[in-house]
1. Loop only by DSSP, 16 or fewer other Cβ within 10 Å of the Cβ. Give me the GluC sites (Glu not before Pro) in region 109-190 that pass, ordered by residue number.
2. What are the semi-axes of the equivalent ellipsoid for region 72-224, taken as the square roots of 5 times the Cα gyration tensor eigenvalues, largest first, in whole Å?
3. Name the residues whose placed amide hydrogens come within less than 5 Å of the amide hydrogen of Ala166, ignoring near sequence neighbours (fewer than 5 apart) on the same chain.
4. Tell me the Rg and the Dmax, in Å, that the Cα atoms of region 1-132 produce.
5. Would you mind getting me the FRET efficiency between Ser155 and Arg227? Use the beta-carbon distance for r and R0 = 45 Å, nearest 0.05.
6. Taking the Cβ of each residue in Met1, Met40 as the centre, tally the other Cβ atoms inside 10 Å and list the residues starting with the fewest.
7. Distance between Cα centroids, region 164-183 to region 104-143: provide it in whole Å.
8. Stretch Phe194-Val171 to full length: gain in nm at 0.36 nm per residue minus the Cα-Cα span?
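Every number in this text was worked out from the coordinates using simple rules, so none of it is lab data. Note that the coordinates shown come from a computational prediction; the quantities given were computed from them, not determined experimentally. In this analysis, Cβ positions are derived from the backbone assuming ideal geometry, glycine residues included, and neighbour counts consider all displayed protein chains.
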Amino acid sequence: MATVVHIGFHKTGTTTLQQRVFPELEGCAVLRGGHDGDRMRFRDLIRELAASDDPSYSGDELRSSIESARGDAGVLIVTHEDISASPDPRRTADRLHDLVPDARILVCVREQRSALAARYGQYVKDGGSLSFSKYLGKLPHAWLRYDLVIEEFRSRFGADRVKVMAFEQMVRDQTAYLDELQLFVTGRDEVTQFGAMPRVNQTLAPPTRQIVRVANHLFVTSPENPRPPLRRVGLGSRLVKKLMKLDPVVFRTMRRRLGKRDRDLIDRVVHERCAEGNVRLAELSGIALGDYGYVLSTTGARAAV
């Protein structure tokens, strides 16, 4: 059985692929994370793979999970975006290669300004309370440098076994994107046809994001906010859910008028950290990234936050 490992990145359509695309591919089995039982344990094992500093790490339990998931399918798709979020991509590529040395690697990227805004929105949806500037300071720099991560996986698995695709390709032409993805995953010319798919797990608009962040700080307990001021009131989760329900109805119409400070910070960080790497990314991927708004020089358009 062939193995394809989809490593992310975060906010590149991963939920759509994991829930709506991969399970529908003929002859493929899917091993993915989730919030129940075995899927939660798989998520924890992936996070250990990506983040553990234990020099004795062996990956034996993850290896066993992968072998158990193979079944009779022709292709096993192992998918989790936390693989690409490792603070040490070289170590993670080494560990993954030890587990599945013959795997093909699927990497999905997204223009960094858009991706940063989306990832921060997801962080707030998940209960985060840090301001955007503080959140950005906690992100590993490698997360913005797709090229560095891709280079590590190409050096272990081979350039011809690492496929890079851009989120913007899916947005522009979903059918062509999914046809190309399936050809890499299954190795077959025959493709499963998908109808129009609504986006899932969308990020929050800036005004919603700010209000929910403040609510998280007041009500929601988390590792970075262990003693929220109003934790005993019991309104936290209910309030946050109500606010997020209003997001597509009310707040998205206001998004262009708000979030300027965050946009300016994103612009500065991406231009400083990503321009050179994106030139290399275009070479590695074969994608005309400039056509999709990626920063390839010290000047560029502002992100749509």
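1. Qualifying residues, ordered by number: Glu190.
2. Details: eigenvalues 197, 88, 37 Å².
Largest first, region 72-224 gives 31, 21, 14 Å.
3. Distant-sequence amide H within range of Ala166: Val109.
4. Rg, Dmax (Cα atoms, Å): 15.0, 48.
5. Working: r = 45 Å, r/R0 = 1.00.
Efficiency for this residue pair is about 0.50.
6. Result, fewest neighbours first: Met40, Met1.
7. Computed from Cα coordinates, the inter-centre distance equals 22 Å.
8. 6.9 nm
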